[in-house]
1. Of the conditions (1) small (G, A, S); (2) in contact with a Leu (Cβ under 8 Å, 6 or more places away or on another chain); (3) surrounded by fewer than 24 Cβ atoms within 10 Å (Cβ to Cβ), B:S21 satisfies every one except a single condition; which number is it?
2. Here are some residues: B:P142, B:P96. Which one is modelled with pLDDT of 95 or more and farther than 28 Å from B:E32 by Cβ?
3. Can you work out which of the residues in the stretch A:109-132 that are under 16 Å from the mean Cα position of the chain (by Cα) and at the interface with chain B (Cβ under 9 Å from one of its Cβ atoms) is modelled with the lowest pLDDT?
4. Inspect all residues belonging to the stretch B:28-37 and state whether any of them is at pLDDT 95 or above and closer than 20 Å to A:I130 by Cβ.
5. May I ask you to verify whether B:V119 is buried (at least 23 other Cβ atoms within 10 Å of the Cβ) and away from chain A (no Cβ under 14 Å)?
6. So, A:N104, is that one at pLDDT below 95 and of a type in the set (S, T, N, Q) or not?
7. Do you know which residues across the stretch B:34-53 are surrounded by fewer than 18 Cβ atoms within 10 Å (Cβ to Cβ) and away from every other protein chain (no Cβ under 14 Å)?
Amino acid sequence: MNTTMRLSSSASKAFVAKVEKISGQKLLACYQCGKCSAGCPMAAYMDILPNQIIRMAQLGMQKQLLASRTIWTCVSCLTCNSRCPKSIKIAEVIESLRETALRNGQRDDRLKIWELSPEARSDLPPIATISAMRKLTS
Amino acid sequence: MKLIYYPGCTLKNSARNFDVSTVSSMAQLDVEVEELERWNCCGTVHALGAENVMNRVAPVTNLIRVKEAQSNEFMTSCAMCYNTLKRANIDVKKNPEKLSTINEFLNLETTKYEGDVDVLHLLEYLRDRVGFDKLAEKVKKPLKGLRVACYYGCLLVRPKEVAFDDVENPMIMENLIAALGATPVNFPLKTECCGAYHAVASPEIVADRTDKIMGSASEADVDMVVVSCPMCAYNLDFRQDDAKRLNPEFKNLPVLYFTQLMALALECGEDALRFDLNHIDPLPALAARGLD
């Protein structure tokens, strides 16, 4: 008797394909050395570490990834990218997750610029406000 | 020949001290700087999506303006503008179909972009065109005894394609500081991210980063930290009050643009320094070395 065991559903396969397309990365290239997480200056504020993000993305764990704090904590400093021995652009993978979360049709923005105090708005340099809006809003 | 200069929004806003010290120093070095006409936002951050086209439009429009100024290169001193403009340029040069989509979208422009403009950062211009030895000759007030930590952050060194120095251990700013007569001091966190735009929605992250990065510089016993990015400058300078609330032992340390030290050493005058726009006043630190 033959038994077929499916590790991922077709829905999660579609999610993996989408992440690979937006990020332009081959997720299976990762062999989990952990160098990305070791050097990440934002790791202390994350719930899921960068190497774990890649592993979960390989497995198509869409729900957990899109609900993670990590995808909003990464600031694309690219330390992981420049140190990855397999030349995987981890920051690009995280950006693809951010974009997927922001473009789910809910306008689920992570920054409500109008909620900032007038003092904060006038105090912040323009590049801070604009880059935050580019990264955290749909 | 005139050097086309792209200031970017923040240098015309909260970082006027970066703008005036850049322009005045270049005048002292006999480089005629001309501000790019009709420049627009650089885009601030490079969108990382492999197929992204939309976010390349703003930077490419600036490259068209450079061509219209009859030049094939331009300089910016803001690390954020440099990175965004340079990466967009590399991306459209590598992907001709993307570039043709952008040119079609910008169909009201009479000039087409053909990948024929080079993006330069002021630091590489000073190293490769002016020369640090020539800069040293022009110094009127050597910054003798001043101990300076150079902070690069992310955007001057990452990714590798935009870096004009070593990715892990860049030395270009240290070499410039030495040419001004000051003492560059190594510190381990010089390429560690400051938290960037978390200043807007998660200032507590920036406070912690500032505590760590500036604390590391303090341990190296420096008089000040110099930067090339108005985003880093804001986080490391203006967020020191938050860092102090987080860690009562935090020691305030001035943060300057490298161009301010250059303007000081080249004696460009007080109007070129605009220390009033720095949050932590650098004058006591300079006075302690007899340089006020």
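The values are calculated or read from the model by the stated rules, or taken from the named source; none is laboratory data. On a predicted model such as this, the values are computed, not experimentally measured, just so you know. Methodologically, a virtual Cβ is constructed for each residue, glycine included, from the backbone with ideal geometry; neighbour enumeration extends over all protein chains shown.
1. The number of the failed condition is (3).
2. Just one listed residue meets the conditions, B:P96.
3. Per the stated criteria, the residue is A:R110.
4. Scanning the stretch B:28-37, I find at least one residue that is at pLDDT 95 or above and closer than 20 Å to A:I130 by Cβ, so the answer is yes.
5. yes
6. yes
7. Residues satisfying the conditions are B:E34, B:E35, B:E37, B:R38.
Okay, residues lined up against (1) in contact with a His (Cβ under 9 Å, 6 or more places away or on another chain); (2) within 21 Å of B:G8 (Cβ to Cβ); (3) among the basic types (K, R); (4) touching a residue at least 40 places away in the same chain (Cβ under 8 Å):
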| residue | (1), (2), (3), (4) |
| --- | --- |
| B:S218 | no, no, no, no |
| B:D221 | no, no, no, yes |
| B:N235 | yes, yes, no, yes |
| B:D242 | no, no, no, no |
| B:R245 | no, no, yes, no |
| B:E249 | no, no, no, no |
| B:L264 | no, no, no, yes |
| B:E270 | no, no, no, no |
